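Some notes on the structure that comes next.
Laboratory data are not the source of any read-out in this text; all were calculated from the coordinates shown. Every value quoted in this text rests on a predicted model; they were computed, and no experiment measured them. Ideal geometry is used to build each Cβ from the backbone, glycine not excepted, and the neighbour counts take in all protein chains shown.
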């Protein structure tokens, strides 16, 4: 079938909860993908940072194929031989004691919320049912009803209420507002080091350091959602490293599955994780043999191939070259590492049109928050491939 046939078939039989660009992909390898007609594109989205290691990385595929030949699922009713090794690999890479494995990023966020609330009741002494969690305006942490309930974006929550109480919103990047919002019932502060879906919003330097100090001073847990920013995306293994701090709870996902399988988790100290007891929380597929084999290889690839370092170098180069274009359409360029947002001026129209033109030239990028083009290629990208993308971006942005 041709691309248009696939699109018509999808529109006839699938709910329209996405508005994808009109391209139908059939193959992927490294930073490149190919549509059903055989046209090649440079992937500058990486499935929203789930493909940090690139499409079909050979080490990850080999681990997946070997495990599929042995055992795919047990549930956590039994032990299996890939669980412990993966938990050790991911906790040591993240600098945390223990991990609670789930499947999707939203599940990991829900896990972190439950962890902090239970800590509040059992350790801090918050009255039952009164725990508060502080979140930020413009946040994006997933799509469950609890999570969209504390979103400031009407598109995400309109028509889905009633919502879970217990959340308080403050402006993003404001440590003073954070301290003012804390009450004796506050158990945690949930924050993205960079707000991805809000338009690649980078806070002023030192936000997480200030937040860490406020949380420590007030006996409040700091949760960093690094589902998009983590595992090398911003030029460090984790974005919180720029501030030289350590969160109480680290939330990871996306690239933890190496672009091959959904893997996520919430990580914390052994003491904090001790608030969970058997039966409190779980997942049939969370930490399954296939996920653990894939996840272990995914983390090893990031470290062995020095992908955070490449992200830092290529990201700095890409941002600088975009700035040199002096485009009449660009209002601002934001980001760290290979998480880059190009904010299009209002008078130049929505970012969608620019993304469609880029697609026509063989570059796949996606708009976010209406006016922002997100450039976030696999972290394996080379300078020559960045130049290839820049040449086409110049044709569109100039």
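Counting beta carbons within 10 Å around each of 37, 110, 316 and listing the fewest first gives the order 37, 316, 110.
Computed with the Debye formula from one identical point scatterer per Cα of the stretch 1-156, without solvent, the log10 of I(q)/I(0) at q = 0.19 Å⁻¹ comes to -1.34.
By the helix-only formula, in which each DSSP H run with n ≥ 4 contributes -39500 (n - 2.57) and the sum is divided by residues, the chain has a 222 nm mean residue ellipticity of -10500 deg cm²/dmol. Axis of helix 3-13 versus longest Cα principal axis of the chain: the two differ by about 40°, to the nearest ten degrees. Simple spin-label estimate for residue 56 and residue 143 gives 2.6 nm between the two label positions (7 Å along the Cα-to-Cβ direction from each Cα). Take the Cα of residue 321, go 7 Å toward its beta carbon, and the backbone nitrogen atoms of the stretch 374-390 under 13 Å from that spot belong to 377, 381-390. Taking the empirical scaling 2.2 N^0.38 Å for compact globular proteins as reference, the stretch 279-398 has a Cα radius of gyration ratio of 1.31. Here the Gaussian network model covers the chain, with springs between Cα atoms less than 10 Å apart; of 67, 53, 195, 67 fluctuates the most. Extension gain for residue 81 to residue 168 (0.36 nm times residue separation, less C-alpha to C-alpha distance): 27.1 nm.
By DSSP, the beta bridges lying fully in the chain are antiparallel in about 65 percent of cases. Given R0 = 35 Å, the distance between the Cβ atoms of residue 40 and residue 154 translates into a calculated FRET efficiency of 0.40. DSSP beta bridges confined to the stretch 185-271 are antiparallel in about 40 percent of cases.
Among 231, 25, 101, determine the one that fluctuates most according to a GNM of the chain built with springs between C-alpha atoms less than 10 Å apart. Ranking 231, 25, 101 by mean-square fluctuation puts 25 first. Just check the stretch 105-262 against the gyration tensor rule for me: Cα atoms, a ≥ b ≥ c as the square roots of the eigenvalues, rounded for a/c under 1.5, and otherwise prolate or oblate depending on whether a/b exceeds b/c. Rounded is the answer for the stretch 105-262, as its axis ratio a/c remains below 1.5. Axis angle, to the nearest 10 degrees, between helix 58-68 and the longest C-alpha principal axis of the chain: 60 degrees. The angle between the Cα long axis of helix 351-360 and the longest principal axis of the Cα atoms of the chain comes to about 50 degrees, rounded to the nearest 10. Shown for 263, 396, 187: other C-beta atoms within 10 Å of each C-beta, ranked fewest to most, produce the order 396, 187, 263. Taken along its principal axes, the alpha carbon cloud of the chain reaches lengths of 60, 53, 43 Å, longest axis first.
The modelled label-to-label distance for the pair residue 71/residue 216, using points 7 Å beyond Cα in the direction of Cβ, is 4.2 nm. If the elastic network links every pair of Cα atoms under 10 Å, which of 77, 50, 15 fluctuates the most in the Gaussian network model of the chain? Looking only at 77, 50, 15, the largest GNM fluctuation is found for 15.
Between the beta carbons of residue 347 and residue 270, assuming R0 = 56 Å, the FRET efficiency works out to 0.55 to the nearest 0.05.
Between residue 388 and residue 124, the FRET efficiency estimated from the beta carbon spacing at R0 = 56 angstrom works out to 0.60.
Each of 48, 41, 317 was scored by other Cβ atoms within 10 Å of its Cβ. Listed from fewest to most, they are 317, 48, 41. Binning the alpha carbon pair distances of the stretch 270-322 at 10 angstrom intervals from zero yields the distribution 18, 24, 28, 20, 10, 1, expressed in whole percent.
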